[in-house]
1. If the viscosity is 1.306 mPa s and the temperature 10 °C, what Stokes-Einstein diffusion coefficient in µm²/s follows for the range 1-150 when Rh is the Kirkwood radius over Cα pairs?
2. Using θ = phi - 60° and the Karplus relation 6.51 cos²θ - 1.76 cosθ + 1.60, list the HN-Hα couplings for the range 400-409 in order, rounded to whole Hz, with x at every Gly or Pro.
3. Could you give me the percent of Cα pairs per 10 Å distance bin for the range 346-397, shortest bin first, beginning at zero and ending with the bin that holds the maximum distance?
4. What ranking, highest mean first, results for peptides 479-487, 220-228 when packing means the other Cβ atoms within 10 Å averaged over each residue?
5. Using only Cα atoms, what is the ratio of the radius of gyration of the range 310-382 to 2.2 N^0.38 Å?
6. To the nearest Å, what is the center-to-center distance of the range 487-559 and the range 75-119, using C-alpha atoms only?
7. Kindly rank 115-123, 336-344, 170-178, 281-289 from highest to lowest mean number of other beta carbons found within 10 Å of each residue.
8. Return the sequence-ordered ³J(HN,Hα) values of the range 357-371 in whole Hz as given by the Karplus equation 6.51 cos²θ - 1.76 cosθ + 1.60 applied to θ = phi - 60°, using x for Gly and Pro.
Amino acid sequence: LELEKEFNLNRSFDKKSEDLYSGTQFPWSTRVQTLLEEKFKLTTFRPTQLLAINATLSKKDLLLLMPTGGGKSLCYQLPALVGNGMTLVVSPLLSLIEDQQISLNKLGIVGRSINSSTSKEDKKQIYEYMSKGTKPAIKLLYVTPEWLSKSKIFKSYLQKCHALGNLNKIAIDEVHCCSQWGHDFRPDYQFLSLLKDMFFDVPIIGLTATATLSVLLDVQNMLNIKGCLIFRSSFNRPNLFYKVVPKPTQNEDCLNYLENILKKDFRNQSGIIYALSIKDTEELSQALRNRGIRIRPYHANLDANLRSSVHGKWLNNEYQAVVATVAFGMGIDKPDVRFVIHHSMPKSMESLYQESGRAGRDGKPATCIVMYRFSDYFRSSAMVNSKTEETKLHSVLEYCLDSTTCRRKLLALHFDEKWESDVCNKMCNNCKDHPEIVYYNITSACKYIYSIIEKAEKQDVHLTLLKLLDAWFKTGDKNLRVENVKQPNVERHHAEIIIAYLLMKGFLIDYKSYTAYATNCYIQKGRGRCLTDDTVIEMPLPVDMKMRGFAKRSVSDVADSEAKRIKID
Ligand code: ADP
Ligand code: MG
Ligand code: ZN
């Protein structure tokens, strides 16, 4: 609540600011428009871009929130060319910095970077400019937060540059990395809190695609810019089609699915497939190569040369896709990515949004697919290290299991935004398919599962998803089967959905046990919720997902009895 109050204060302030900083009445307005057209070869600003540019040129500190692909870079790159001096750009990854430099060079803009592998001559040139203003002048200087925090020499030159009046602005890209609440926390970003002390008169512009309240306030605190301007543009990406598909249990079927869509739906189109681990990226990419698809793995363990060659060939469409770990793509600037596929569920809604957001930057239609299978949840869960991460993973599970609510709506909930479902335009599989929903009574299933768990507990056996399913289906270890538990009359895949639903609702929980070599995930009865005699658990599912052996009720029946229940209460 405190957070909300504080944020609303910021917001009402920003409403005024939007009037203050919109428009073209500023002394720099003509120059800004000329630069847009002549330097950046663009015709018009996107709505929030001009606001941000005017505010930063008015020397205000500012946080800019725009979705991935929204055009954040322009908001510090263009102001960097107005007036003398340079803009220091803090960016989290060297690969990102390289990307930026390549695109700046194409436009004929001098962007330099300095890091531990910069040559002596280059360093000398950069330092000469910083300490003496020697030509060639530098307009944008990119550094990583690690470099900034570790290099004392660099800091001293930065102070000299400031003393000469040549430190114009500080831009901090992916600024959410400051916050532990964000999804990419980086310890070295904490050092950035010193910048405002050292250079109090230099405006800071922080850029991010993460918009949750807690992250924003945390960032303001961290950077010493409490109460700074906040501009945000809508996070809705109307051209992205969001879709969840069931991931086949058999690897072979899974590969068939991918081969098929890559060769048919996405023929001659460019994309990214995200996989859970480095090993997965290697295996998946090899298997798809064997099926004649031009594809390569991309991850942090690749040798630097190979990595940049894979990246380059993907940019040139020599490779149709890369199979990547999430490390790939922060700030990737390929406008025509037509598909992003999550081969297993992403670790948070933020990641889902961000990673999917790398598709369709050119504004043309693109498809974002999550391949969901319940057992993947346990693989991800094993990698989770905190309660926060666990909660985040849970919300993705919920997203995947939801076959009725508009996927845009589900995403919007995470950015404290409200999108009406007509905003979707049938651009998600739930709105498009609009399945008829029925409620299945799965109370008996829950009871059976509890009996299996109790029996296993007596034998000191931890139940994995697999063992639980086996016992339920009367296969596997005989000692774990329970006589009066009826074998379900549905496919295993459907039984998994039931277990997932019970887990999501707290009737079951997963817990971890650690060995020296692995983390194992097991299933247990929920602690908070328990099953009493009059508990009824009903699970909404599309009507065509036939669940034999479970009683069902229509949506209107459920609504009726709900209304009655409330009356009685
Ligand atoms: P972000 O950092 O917000 O993810 P980028 O700054 O990398 O996004 O920009 C994404 C793409 O949008 C780039 O290809 C860029 O050239 C393009 N872009 C940015 N601003 C505009 C604009 N005003 N008009 C058209 N295209 C733009
Ligand atoms: Mg960016
Ligand atoms: Zn929708």
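1. The diffusion coefficient I find is 93 µm²/s.
2. Calculated HN-Hα couplings, in order: 5, 6, 6, 10, 10, 6, 4, 5, 4, 4 Hz.
3. Binned Cα distances yield the sequence 24, 47, 22, 8.
4. Ranking, from highest mean packing down: 220-228, 479-487.
5. The value comes to 1.15.
6. Result: 51 Å between the Cα centres.
7. Ranked from most to least packed, the peptides come out as 170-178, 336-344, 281-289, 115-123.
8. Listing the rounded values in order: x, 6, 8, x, 5, 7, x, 7, x, 8, 10, 10, 10, 10, 8 Hz.
Any read-out appearing in this document is the output of simple, stated calculations on the displayed coordinates, not a laboratory observation. Computed from a prediction, not measured in an experiment: that's the story for all the values here. All Cβ positions, even for glycine, are placed from backbone atoms using ideal geometry, and neighbour counts span all protein chains on display.
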